[in-house]
1. Of everything in segment 163-177 that's among the hydrophobic types (A, V, I, L, M, F, W, C) and at pLDDT below 85, which residue is surrounded by the most Cβ atoms within 10 Å (Cβ to Cβ)?
2. Residue by residue through segment 129-162, note down the ones that are surrounded by 16 or more Cβ atoms within 10 Å (Cβ to Cβ) and over 22 Å from A73 (Cα atoms).
3. Cβ-Cβ distance below 8 Å, separation of 6 or more or different chains: which pairs start in segment 27-53 with a residue that is in contact (Cβ under 8 Å) with a residue 40 or more places away in the chain and end on one that is surrounded by 18 or more Cβ atoms within 10 Å (Cβ to Cβ) and of a type in the set (S, T, Y)?
4. So if I check each of E85, E64, which one is closer than 19 Å to W38 by Cβ and acidic (D, E)?
5. So how many residues does segment 45-103 have that are outside any helix (DSSP H, G or I) and either in contact with a Cys (Cβ under 9 Å, 6 or more places away or on another chain) or of a type in the set (K, R) (or both)?
6. Identify the single condition in (1) out of contact with any helix residue (DSSP H, G or I) (no Cβ under 6 Å at 6 or more places or on another chain); (2) closer than 17 Å to L44 by Cα; (3) among the hydrophobic types (A, V, I, L, M, F, W, C) that C158 does not satisfy, given that it satisfies every other one.
7. Of the residues R120, R107, R135, which single one is within 24 Å of P96 (Cβ to Cβ) and either in a strand (DSSP E or B) or within 16 Å of the ligand (Cβ to nearest atom) (or both)?
8. Residues of segment 138-155 being within 22 Å of L10 (Cβ to Cβ) and more than 9 Å from the ligand (Cβ to nearest atom), which ones?
Amino acid sequence: MEFTFVSGNLGLDFVGTVAARRERRVDLLAEPADLARWTVAAGLLDAAPPVPAGALAAGVGLREAIHRLATAAVAGAPLAAADREVLNRAAAPAPPAVRLDADGLARTGDLTAALAAVARSAADLLGGPDAARVRECAAPLCTRLFVDASRKGERRWCDMRRCGNRAKAAAFRERRR
Ligand SMILES: [Zn+2]
């Protein structure tokens, strides 16, 4: 399964590296190399950074803390102190360095820097006005979280092309029966 970036927020896209959390859970960050690959796919770094021992577990710990904080935001529940602490610790280091070269953008840094950018993005979201716009995809199996940036605030699916169309096709089949 490929990484997807449909959530409108880097922190929520990171949470989305676990697909179908409730029933057919698939963790796309199975190995340290997966985490390194994700930081490049996310546009944070130009080259996959080394992943030191224990860094995958720490990254997954950050991901799950963001997941709990974001689902609390969806439910309008308070944000757990322990999860905020995990987020804040990850957000503290400097994010990747960005430089505009003659031949384009250069983004450099290590895994800690990349995860700092992820944590900052999640903190910006959950501490700001858009926290009220975090939603979970309405498709039955999909558990992806996203920021609803639609004017009316009625976006239901993480990705119209995938979950949205699938839901519409299912409704069509239902009507024909
Ligand atoms: Zn979905």
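1. Selected residue: A167.
2. R162
3. Qualifying pairs under 8 Å: L45/T39; P49/T39.
4. Unique residue meeting the criteria: E64.
5. Residues flagged as outside any helix (DSSP H, G or I) and either in contact with a Cys (Cβ under 9 Å, 6 or more places away or on another chain) or of a type in the set (K, R) (or both) within segment 45-103 amount to 1.
6. Every condition holds for C158 apart from (2).
7. R107
8. L145, V147, D148, A149, S150, G153, R155
The values are calculated or read from the model by the stated rules, or taken from the named source; none is laboratory data. Fair warning: this is a prediction, and the values are worked out from it, not measured in the lab. Don't worry about glycine lacking a Cβ; one is built from the backbone with ideal geometry, like all the others, and counts go over all protein chains shown.
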